[in-house]
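Data first, discussion second: the structure below is written as structure tokens.
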Amino acid sequence: MISTLFFSFVGSLIICMALIPPLMATASRLQFLDIPKDQRRVHSNPVAKVGGIAFGIGTFSAMLIWAPKDDIVVAGLLGGVTILLFGMWDDRVSLPYTVKFFGQTLGALVVMWQGNIHLNTLPFIEAELPLWIAYPLTIVIIVAVTNAVNLADGLDGLAGGLSLLSFAGMACLAYLGGDQTVTLLMVPVLGGLLGFLRFNTYPARIFMGDAGSQFLGFFMAVSAIVLTDPQRGPYTPALGLFLLGLPLLDTVGVMLQRLKEGRSPFVADKNHLHHKLLAMGLSHYEAVLVIYLLQATLVTLAYVLRWQTEGTILGVYGLVAGVILFPFLRSRVWRIQSNRFLKKADRLLTRASTITSSPWLTTEPIRILGIAVPAFLIISVFLPRRVPEDMSYVAALLFTVMLIGLWLSPPRISSLVVRGGLYVGSTFVMYLSEQPAASTDIFSPIHVFFVGLAFLVALTIRFNSEHRFQTTPLDYLMVFLAVMVPALPEMQIGDIHLSFLTAKLIVLFFSFELLLHVFAQRLTQLGLVALWLLCGIAIRAWL
């Protein structure tokens, strides 16, 4: 199973990242541009809205190649394609809401018919729901969550980051509950989302569009229903409320406020949570971080409460929901005066950096990274004890594609090719190095090296003044995952310690971003390192 998960994740990531540049180049001709026409938009220039097409195709391709073709997976594919096609149509011509609801209902009917996916029971009800109740309720849930994620897509990186946290939480719970089907549904989505988010985080170069946000909401609803079906696994449907997270609460809050003000609950306005945070005085960047934190809290609570009674789960959810919904019921918006707390914290950090500033802190960490990371990557191809033939063929194919890409691509695209080669090549060698299971001793040489690497990355981000690296909400999201995943128990699939592998890869990816940012003039050398990784993996199977 581990090979299937690995290839489906990496395959979806590669396909998504490969599709984004050509889709961006043709977005205007294909009429997939988001042109701001009203004050609800937070951007002022046209942006290509083709990200959903890219990660949708990446997800479908990975599932078609690597996922087993059981009824639930086929249902997810057919329903997802239905939603994606209607979303693409909507992105081009702005469909009326009746046609949108028809497409969403059609997608829900497809998964119910093909995969027999529907709500079987409700909290506190032991008996199975009759079909005349279960079917309409399932359609309502799928359509509601689909639209909730669509409405949450209001800031750069927002809907994608929220969905990433929900899907990661569902993948973790599915693995712990022994549900391979949901795990194999989640992993390709996670790969495609990560490939997309690097282009979508603030300031966004690409949007996911209605095709992407509806696709994510649809998959989130279907996966939550399957995961929390007591007939298939150990989890109660009440847990799905936490997994669906903030988009659902945000939609409920907005509708409550509209009803309280005597307006239609379906009329668009600027009362979503992200609008309220901006009105409070938070910047775009800070508002996204706050919403990520709330979503991470909800998903973490789903993990913590997974074995609790339905009464406990619903009681905690009621308390959390009350806190989140409270701002929607207030007539006056709190304001953070000039972000005084954030500015005071920044002044303290600036003063500390002034005190500790020295040539070593400002220049040496990145220089050491520039030597240590390429050296480790060159040596790393010899770390795996064996390389499977199928991975060797994949590496050889990627080596050829990357070589052609570097030869024919303009400089702007070449940096993406190098980044992709470094990401994929390092993922291959680190994955192979974990088989058989690597030592979990934190003081082993490889772990000490990565702890030192993480320390150098932190120093470079904080103190390198000549080439200041601007962190994004996605970076903080990755740090959160790097800290949380190793803390989860039993995160091992076969011989792979998933927690340690994830933490190492995140440290390496941060290193790559810093090197590509600071040493942009050395793109050729970094490209050669990436080619070495893929070439080494390709030939190791035959040595």
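FYI, it's all coordinate maths here, none of it is from the lab. If you're wondering where the values come from, they're calculated on a predicted model, not measured in any experiment. Virtual Cβ from ideal backbone geometry, glycine too; neighbours counted across all protein chains shown.
Numbers below:
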item: Other-chain or far-sequence residues with amide H under 5 Å of Phe207's (modelled H); result: Ala48, Lys49, Val50, Gly51
item: Convex hull projection area averaged over all views, the stretch 44-92, Cα basis, nm²; result: 3.8 nm²
item: Inter-part distance where the stretch 239-288 and the stretch 113-176 are each reduced to a Cα centre, Å; result: 19 Å
item: Taking the stretch 2-245 and dividing mean pair separation by its residue count, relative contact order in percent (alpha carbons under 8 Å, at least six apart); result: 30 percent
item: Environment charge at Thr121 (Cβ cut-off 14 Å; Lys +1, Arg +1, Asp -1, Glu -1); result: -3
item: Shape of the stretch 2-245, Cα gyration tensor, a/c cut at 1.5; result: prolate
item: Within the stretch 100-116, backbone nitrogen closer than 16 Å to the virtual label 7 Å beyond the Cα of Val81 toward Cβ; result: 106-115
item: In the stretch 105-185, chymotrypsin sites (Phe, Trp or Tyr not before Pro) in a DSSP loop with at most 14 other beta-carbon atoms within 10 Å; result: Phe124
item: Pairwise label distance in nanometres, Val323 with Leu129, each label 7 Å out on the Cα-Cβ vector; result: 2.9 nm
item: Packing-based order for 77-89, 369-381, 236-248, 283-295, using average beta carbon neighbours within 10 Å, highest first; result: 236-248, 77-89, 283-295, 369-381
item: Extension gain, Gln31 back to Val267 (0.36 nm per residue minus Cα-Cα distance, nm); result: 82.4 nm
item: For peptides 297-304, 46-53, 26-33, 185-192, sequence by mean Cβ density within 10 Å, most packed first; result: 185-192, 46-53, 297-304, 26-33
item: Inter-label distance, nm, simple model (7 Å from Cα along the C-beta direction), Lys69/Trp307; result: 3.9 nm
item: Anisotropy class of the stretch 47-136 from Cα gyration tensor, a/c 1.5 cut; result: oblate
